[in-house]
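Each remark here refers to the structure printed beneath this line.
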Amino acid sequence: MSHSIQFSTPSRTLHLPPTRLHPPLSSFSFRQFPLTSTFKHTSLRASSSPSPDSSSSSSLLHSPNGTPAVKSEERSSGIDVDTVTEAELKENGFRSTRRTKLICTIGPATCGFEQLEALAEGGMNVARLNMCHGTRDWHRDVIRSVRRLNEEKGFAVAIMMDTEGSEIHMGDLGGEASAKAEDGEVWTFTVRAFDASRPERTISVSYDGFAEGILCFCCFCNYQVDVCMRCGYHFLCDVDVRVGDELLVDGGMVRFDVIEKIGPDVKCLCTDPGLLLPRANLTFWRDGSLVRERNAMLPTISSKDWLDIDFGIAEGVDFIAVSFVKSAEVINHLKSYLAARPGGGDIGVIAKIESIDSLTNLEEIILASDGAMVARGDLGAQIPLEQVPAAQQRIVKVCRELNKPVIVASQLLESMIEYPTPTRAEVADVSEAVRQRSDALMLSGESAMGQFPDKALTVLRSVSLRIERWWREEKRYEATPLQAISSASSDKISEEICNSASKMANNLGVDAVFVYTKNGHMASLVSRCRPDCPIFAFTNTTSVRRRLNLQWGLIPFRLSFSEDMESNLNKTFSLLKSRGMIKSGDLVIAVSDMLQSIQVMNVP
Ligand SMILES: Nc1ncnc2c1ncn2[C@@H]1O[C@H](COP(=O)(O)OP(=O)(O)OP(=O)(O)O)[C@@H](O)[C@H]1O
Ligand SMILES: CC(=O)C(=O)O
Ligand SMILES: [K+]
Ligand SMILES: [Mg+2]
């Protein structure tokens, strides 16, 4: 290996002294890098001198999500790269890339291949499937389309499966898109199933204990029977709906008073008119408080959810979002269930915070999970609406402290289900979530069944970019020190390295942090610091790359890398430069989970 290095730049040839490759402005190492240089003029050009393992170079580098891959022409130089991100990086430089990640719920409005492609091109990082709706065949088709999109077009869109949970829901309205309840009308909520079409002003309700006053439930394995056939234990509870209770649909979008109970039917008087949507959530209120006993008896993961989870494992989803989490126990249970199944260990478990119990046990739930969702739809049906913003702020803060990605969800752009522009208040709400530096924003009905899914995504994207830019212009780096999270000494070192690297990145105004990470942990530690510059996260597995797509500021690449950081950097610079995604002189900080060190360098 030559020790004398020549870097060729468009304007000049730079001769560097031996022993240093790109002279680090500083090198702060717990374990020093080997200083012998392996950089050669030729190695900077991907096309002329392939790196040692370039036999697999066509799959060496996968570009960040957000954009379709460039095909044939690029393959000859050994790189798959997203044209949109590539164009963004070329045009506006690193700093302009979006940090806040975007999630779209997929539904009838967006389940086609072209529709999914349009969302991916519009910046969708994660596709969410709500198992409350649709058949498993329908969901399988969507999952496969997203996978095909990733393979053919170079995206890294992750799939999040959201469990139905066992809260009380309305039925599916017999195929109708919605039903209008008017003030003063009497509607029947019933546990009867309909043979033919739905009788007028009648709504089926999702579980049998609704009106009988008896709900039988196995507390060990969730079978909804009086004596469990699986384990022989049983659990009986006696909760009922009472005349005088208030029934809220979707947290108050429509309200009824319970006026009569007749066998399996509950007659209700509409007091606040509105649109009833299929499978809308129902809650009961008595004397101004939520009736909780009923829900407390329902299992967080129902027997149907377990079947969906098995389906999700088989289809290789990236995340499972668990609805109505009450305690850390259920998360731990699911995580051990997943760990025991092939491929299950790769699935991240997201706790949906949407109940009073989940707020009570917030820290332990988040600690047990791989991320959390502020599920404001149901949360706002369980706590007074005016308490939701403070709950959101607390959840985002706890997630940040515990290094778990956090998603802000529901009604971000609700009016865009019907209209092509958002309300000013919705834009302010989105801005606040971005300003809180949550990892991701989520569309529900806007993308699942709204009329303007692409426009809604564009609004999320442009508001995120604008607020992020404002934040940088204001130079509002993190003032709040992050608490230590690790106990093991090597983890503590990684944490300190990432904290320091991020601080250095801000102070030096570097263009990007590069993080080489096998399991993604190191990348998440850098993301947690919310540095001012984007974070290029290089990982060698596609599943980790997809999962990283949920986290703030990470631009995940898949790259076959070795234990030798110097050759990794060499290869990365070469590949990114040949694509024009970085240029000579860019200032970069590199960290990795293989070597506990921080390198600061100009791109040669
Ligand atoms: N797979 C689907 N098939 C049909 N409609 C869907 C689907 N997914 C979502 N929708 C529609 O989009 C609306 C809002 O989406 P979604 O149900 O995900 O809301 P949510 O409040 O996030 O749900 P939840 O609280 O049940 O998790 C639904 O009421 C439904 O009409
Ligand atoms: C997303 C969700 O489940 C909610 O907001 O209730
Ligand atoms: K759900
Ligand atoms: Mg919900």
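The values are calculated or read from the model by the stated rules, or taken from the named source; none is laboratory data. Just so you know, these numbers come straight off a predicted model, no measurement behind them. As a convention, Cβ positions derive from the backbone with ideal geometry for all residues, glycine included, and neighbour counts pool all protein chains shown. With ligands, DNA and RNA removed, areas are computed over all heavy atoms of the protein, side chains included. Shrake-Rupley method; radii C 1.70, N 1.55, O 1.52, S 1.80 Å.
Where Rh is the Kirkwood radius over the Cα pairs of segment 453-540, the temperature 37 °C and the viscosity 0.692 mPa s, what D in µm²/s does Stokes-Einstein return?
D = 227 µm²/s.
So for each of 467-474, 527-534 I average, over its residues, the number of other beta carbons within 10 Å; can you give me the resulting order with the highest mean first?
In decreasing order of mean packing, 467-474, 527-534 become 527-534, 467-474.
Between residue 493 and residue 462, what is the label-point separation in nm under the 7 Å Cα-to-beta-carbon projection?
That separation, rounded to one decimal, is 4.9 nm.
Once you put a point 7 Å from the Cα of residue 423 and another 7 Å from the Cα of residue 138, both along the Cβ direction, what distance in nm separates them?
If labels sit at residue 423 and residue 138, their model points lie 2.8 nm apart.
Set the Förster radius R0 to 22 Å, insert the Cβ-Cβ distance between residue 178 and residue 271 as r into 1/(1 + (r/R0)^6), and round the FRET efficiency to 0.05.
0.70
In whole percent, what relative contact order does segment 491-532 give with Cα contacts below 8 Å and a gap of six or more residues?
Relative contact order of segment 491-532: 51 percent.
Compute, for segment 526-565, the length of the dipole vector about the Cα centre, with Cβ point charges of +1 (Lys, Arg) and -1 (Asp, Glu) only. Units Debye, rounded to 20.
Taking the Cα centre of segment 526-565 as origin, the dipole is about 280 debye.
Which of the peptides 437-445, 259-267 is most tightly packed, and how do the rest follow, judged by the mean count of other Cβ atoms within 10 Å per residue?
Most protected by this proxy first, the peptides run 437-445, 259-267.
Near residue 450, within a Cβ-to-Cβ distance under 12 Å, what is the net charge of the other residues, with Lys and Arg +1 and Asp and Glu -1?
Charge balance in the 12 Å sphere: -3.
State the percentage of accessible surface on segment 276-434 attributable to carbon and sulfur atoms; use a 1.4 Å probe and exclude ligands, DNA and RNA.
With neighbouring chains kept in place, the figure for segment 276-434 is 56 percent.
Can you pull the accessible area of residue 386 for me, 1.4 Å probe, Å² to the nearest 10?
Its heavy atoms expose roughly 140 Å² to the probe.
Leaving out ligands and nucleic acids, and using a 1.4 Å probe, what accessible area per residue does segment 448-604 come to in Å²?
34 Å²
So if each residue of separation counts as 0.36 nm, and I subtract the Cα-Cα distance between residue 197 and residue 90, what length gain in nm does that give?
32.8 nm
Would you work out the relative contact order for segment 555-604, in percent, from Cα pairs under 8 angstrom that are 6 or more residues apart?
This gives 29 percent for segment 555-604.
How many Lys pairs in segment 474-604 lie less than 25 angstrom apart by Cα atoms, where the lysines are 8 or more positions apart or on different chains?
9
From the square roots a ≥ b ≥ c of the eigenvalues of the alpha-carbon gyration tensor of segment 286-361, which class results: rounded (a/c under 1.5), prolate (a/b over b/c), or oblate?
Taking the square roots of the gyration eigenvalues as a ≥ b ≥ c, segment 286-361 is prolate.
Give the peptides 135-142, 175-182, 595-602 in descending order of average Cβ contacts within 10 Å, highest first.
595-602, 135-142, 175-182
Given R₀ = 30 Å, FRET efficiency for residue 401-residue 474 by Cβ-Cβ distance, to 0.05?
Approximately 0.85, to the nearest 0.05.
For segment 495-604, what relative contact order do you get, as a whole percent, if you take Cα pairs closer than 8 Å and at least 6 residues apart?
Taking the mean separation of contacting Cα pairs over the length of segment 495-604, I get 28 percent.
Using the Cβ atoms and a cut-off under 10 Å, what net charge is assigned to the surroundings of residue 361, where Lys and Arg are +1 and Asp and Glu are -1?
With Lys, Arg at +1 and Asp, Glu at -1, the net is -3.
Give the percent of DSSP beta bridges with both residues in segment 508-560 that are antiparallel, rounded to the nearest 5.
Here the antiparallel bridges make up roughly 0 percent for segment 508-560.
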